[in-house]
């Protein structure tokens, strides 16, 4: 079958330039839609439900727990389902459900109703999580997989910044028009719901059907089991381990780094708003470093054996998270180089993880394998949220960073063992070294 190129990217047989561009558009929206609901949540709890700040943490924890449990339960089966009905159908359905969740969120009048809306959102998030990883594995050929993955994750980061910088201002804009904070919140979330629905419609441009090699009449249980059995391959089991750790890494940056920075700012005498602004600057430094580093590491990914790449990535992440744990003032000028190293380590870990599983997942059951991969990623987020959160409160704010630094170091050792075992890759990149 004839193949196409999109710039420097060699696309898999049957994937058109239009399919790839539509996927990049989905990558731009996906993570921004995931994170915005956490950003807007304090506004909803205050202005819509009228809850005192003293219980915001507990309620937020409940909502996150329900979300991650739903994702944990469904991401594997939804990945397997895509081997039956196609990636496009699952991906579009995920965006529609995210849009529905956003549409329901500002009309909740109780915490239980808010949880219900969050569950709807979580089902969509599980589908989008599984398909983001699966389509990312489907579309590029091996010789340009690293660069393709790097661009996708760069777009993830750009999308997060757009949602964080631009769309967080929606309540203020609408408050000036409507004069009512509750109505402003409703309008704001309806705009985001609309973005998700438009995204779902655009995803009609993804490749339709099921990849020929993945067509199967097996049951979903059988397909999911095949995804677990695939871990008998040492490189696939390593990829599952990298999903657990690298997704946990992201949770630390997105949750605990900001919380730690705000607490330090307030302790130094800043108002909550000022402390939040300083924390935002720190977050921007981390994400900018990650975005700049992505194409560099992506190019490296296409020149090295993917397990060797994993060793390098996990060591970089160990350094980044470990050094951040040594500071007592994450918002001080001395922490900026640490934030840059943190961004480099974060991006290295996630890119190495995705390029490894993309190479190793067999085409005949790729959706099932990527569903299990995403399951371990969700499990990693849940682990860090629970264990890291408890250690953050009971020991030190640096504890989650120490936790993931140790996890990354253990993964580096695991990857070294796999490399020394000499397990050959499933699909050797044309330009990769042995």
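A short reminder: the numbers here are calculations on the coordinates, not readings from a lab. Note that the structure is predicted; figures quoted are calculated from it, not measured. Cβ: placed from backbone, ideal geometry, glycine included. Neighbour counts: every protein chain shown.
Once you have all Cα-Cα distances for segment 311-411, histogram them in 5 Å bins from zero and send the whole-percent values.
Spelled out per bin, shortest first, that is 2, 13, 18, 21, 19, 13, 7, 4, 2, 1, 0.
Residue 202 to residue 58: extension gain in nm, 0.36 nm per residue of separation minus the Cα-Cα distance? Don't jump to the answer; show the numbers that get you there.
Values: separation 144, 0.36 × 144 = 51.84 nm, distance 3.71 nm.
Stretched out fully, the residue 202 to residue 58 stretch lengthens by 48.1 nm.
For the residue pair residue 177 and residue 229, what label-to-label distance in nm results when each label sits 7 Å from Cα along the Cα-to-beta-carbon direction?
Distance between the two pseudo-spin positions: 5.6 nm.
Mind jotting down the distance between the C-alpha centroids of segment 354-377 and segment 1-65, whole Å?
20
I'd like to compare 411-424, 166-179: which one has the highest average count of other Cβ atoms within 10 Å, and what's the full order after that? Before the final figure, lay out each step's value.
On the way: 411-424: 15.8, 166-179: 14.3.
Order by mean packing, descending: 411-424, 166-179.
Rounded if a/c is under 1.5, else prolate if a/b is larger than b/c, else oblate: which is segment 119-260, with a ≥ b ≥ c the root eigenvalues of its Cα gyration tensor? Don't skip to the end; give the middle numbers.
Numbers: a/c = 2.19, a/b = 1.76, b/c = 1.24.
Cα axes put segment 119-260 in the prolate bin.
Classify segment 218-434: rounded, prolate or oblate, from the alpha-carbon gyration tensor (a ≥ b ≥ c, eigenvalue square roots; a/c under 1.5 rounded; otherwise prolate if a/b is larger than b/c)? Don't skip to the answer; put the middle values down first.
Values: a/c = 2.42, a/b = 1.79, b/c = 1.35.
Cα axes put segment 218-434 in the prolate bin.
So if each residue of separation counts as 0.36 nm, and I subtract the Cα-Cα distance between residue 168 and residue 85, what length gain in nm does that give? All intermediate terms of the calculation are to be shown ahead of the outcome.
Working: separation 83, 0.36 × 83 = 29.88 nm, distance 3.60 nm.
Length gained between residue 168 and residue 85: 26.3 nm.
Cβ neighbours within 10 Å, averaged per peptide: list 129-138, 68-77 in order, most packed at the top. Don't skip to the end; give the middle numbers.
Values: 129-138: 27.3, 68-77: 21.6.
Highest-to-lowest ranking by the protection proxy: 129-138, 68-77.
Quick one: among 120, 229, 192, which has the greatest mean-square fluctuation in a GNM of the chain with alpha-carbon springs under 10 angstrom?
The residue that fluctuates most here is 229.
Using a simple spin-label model with points 7 Å from Cα along the Cα→Cβ vector, what separation in nm is obtained for residue 292 and residue 65?
Modelled inter-label distance: 4.1 nm.
Rounded to the nearest 10 degrees, what's the angle between the helix 145-165 long axis and the longest principal axis of the chain, both from Cα atoms, 0 to 90?
The answer is roughly 10 degrees.
Suppose only helical runs count, i.e. DSSP H with n ≥ 4. What mean residue ellipticity at 222 nm does that imply for the chain under -39500 (n - 2.57) per run, divided by all residues and rounded to the nearest 500 deg cm²/dmol?
Numbers: 16 runs with 314 residues, N = 434.
After summing the helix terms and dividing by residue count, I get -25000 deg cm²/dmol.
Please give the helix 366-383 orientation as an angle from the longest Cα principal axis of the chain, in degrees from 0 to 90, rounded to the nearest 10.
The angle comes out at about 30 degrees.
Using 7 Å Cα-to-Cβ label points, what is the residue 113/residue 334 separation (nm, one decimal)?
About 5.1 nm separates the two model spin labels.
With a Förster radius of 30 Å, plug the Cβ-Cβ distance of residue 420 and residue 393 into 1/(1 + (r/R0)^6) and report the FRET value to the nearest 0.05. Before the final figure, lay out each step's value.
Details: r = 40 Å, r/R0 = 1.33.
The formula returns an efficiency of 0.15 here.
To test your reading of the geometry: what angle, between 0 and 90 degrees and rounded to tens, separates the Cα axis of helix 87-104 from the longest principal axis of the chain?
Taking the Cα atoms of the chain, the angle to 87-104 is about 0 degrees.
May I ask for the distance between the Cα centers of segment 121-187 and segment 264-310, given as a whole number of Å?
17
Under the Kirkwood approximation for Rh and a Cα-based Rg, what ratio Rg/Rh is obtained for the chain?
Values: Rg = 20.9 Å, Rh = 21.8 Å.
Result: Rg/Rh = 0.96.
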